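Data first, discussion second: the structure below is written as structure tokens.
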């Protein structure tokens, strides 16, 4: 059974990364999940960061990023929807050891049970499923 938890609409700007992270942290606290929250905060930060850096959400003055959270059994499903754009979909790639960029999706891949990306009518959707131990 899928249960919608919350969503937030943010500007397509760098300042939205810490806002999305704080929103996720508050959501986890409301549900009593403070011990195992780091993977969620990391994944949300990386997905929102990618959206504002690599989509029209970050290039257009009125660009927006939507972050939604759903609970599917014990799995937290996080979806980030941006305005799309660009020639290719986000993909996992090898980052040079000295590179400052290119590790975001590798971190998402490491912490998420699964993740994916799709072009949608609203732009682009990138999602990740995180298996967490929810308090009783």
Subset of segment 1-46 (residues that are more than 17 Å from residue 77 (Cβ to Cβ) and in contact with a strand residue (DSSP E or B) (Cβ under 7 Å, 6 or more places away or on another chain)): 9, 10, 11, 12, 16, 19
Residue match in segment 58-80 (condition: in a helix (DSSP H, G or I), at pLDDT 90 or above and closer than 18 Å to residue 125 by Cα): yes
Qualifying residues in segment 104-136 (those that are part of a loop (DSSP other than H, G, I, E, B) and under 17 Å from residue 45 (Cβ atoms)) - the one farthest from the chain's Cα centre (by Cα): 132
Single match in 44, 52, 40 (criterion: more than 19 Å from residue 84 (Cβ to Cβ), crowded, with 21+ Cβ neighbours inside 10 Å and in contact (Cβ under 8 Å) with a residue 40 or more places away in the chain): 40
Residue match in segment 42-53 (condition: in a helix (DSSP H, G or I), under 21 Å from residue 2 (Cα atoms), touching a helix residue (DSSP H, G or I) at 6+ places or on another chain (Cβ under 8 Å) and modelled with pLDDT of 90 or more): yes
Residue list for segment 4-32, filter: outside any helix (DSSP H, G or I) and under 18 Å from the mean Cα position of the chain (by Cα): 4, 5, 6, 7, 8, 9, 10, 11, 12, 13, 14, 15
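The values are calculated or read from the model by the stated rules, or taken from the named source; none is laboratory data. Keep in mind that this is a model prediction, so the values were computed, not measured. Cβ sites come from the backbone with ideal geometry, for glycine too, and all protein chains shown count toward neighbours.
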